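The structure appears below as structure tokens.
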Amino acid sequence: MSSLDRRDAHLILAAIRVLGHQLERSPRPDEVAELLELPEATVRLRAVVLQDLGAAILVESAFETHLEIRDHLKVESLEEMGEEALAEDLADFDRRKQEEAEKMARLFEDGTFADAQQKKLDEMSDGLKSFPKKPRNPFGDAE
């Protein structure tokens, strides 16, 4: 999901409100991420989109970075992620996984993988056969 949809924007704004009430201060991005069980980087990226919209602001000071809500109505201009878009994404994912599974099946079924493994084993065996049977004595031939 490359852009922010209306549902996720409202979710971030709601988390900012709830944490603001609980903590009695503006929450940090890591606190919002913890509440929503999302990676902090995801919350920060979504906060930047919200900042560009004018719905929220990411305030950075010398001591901390926190989130504040500016105009929650700005998120109404965002598109809702429809079921069609989600279905298309899921279908694309299923298609790619099926292609990958078929590729792996062909690799093992046609013997390509087994042939490559056998070739590697043969090369290793030849390499071991070329080693001297007994290492040379560095102090001379006397035993």
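Any read-out appearing in this document is the output of simple, stated calculations on the displayed coordinates, not a laboratory observation. Because the structure is predicted, anything quoted here is derived from the model rather than measured. Cβ placement follows ideal geometry from the backbone for every residue including glycine, while neighbour counts extend to all protein chains displayed.
Tabulated values for the structure
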item	result
Under 24 Å between alpha carbons - lysine pairs in the chain that sit 8 or more apart or on different chains	6
Of Glu40, Glu64, Glu80, the one that fluctuates the most in a GNM where the chain has Cα springs shorter than 10 Å	Glu64
For region 83-128, radius of gyration divided by Kirkwood radius, i.e. Rg to Rh on alpha-carbons	1.41
Efficiency of FRET between Leu128 and Phe108 - r from beta-carbon atoms, R0 35 angstrom, step 0.05	0.80
Qualifying trypsin sites (Lys or Arg not before Pro) for region 1-100 [loop in DSSP, other Cβ within 10 Å: at most 16]	Arg25, Arg70
Total formal charge among the other residues, if their Cβ is under 14 angstrom from that of Asp52, Lys/Arg +1 and Asp/Glu -1	+3
Highest-MSF residue in the chain out of Phe108, Phe63, Phe131 [GNM, Cα springs under 10 Å]	Phe131
Quotient of Cα Rg and 2.2 N^0.38 Å for region 3-143, N being how many residues it contains	2.07
Fluctuation leader among Glu24, Glu68, Glu123 - the chain, Gaussian network, Cα springs under 10 angstrom	Glu123
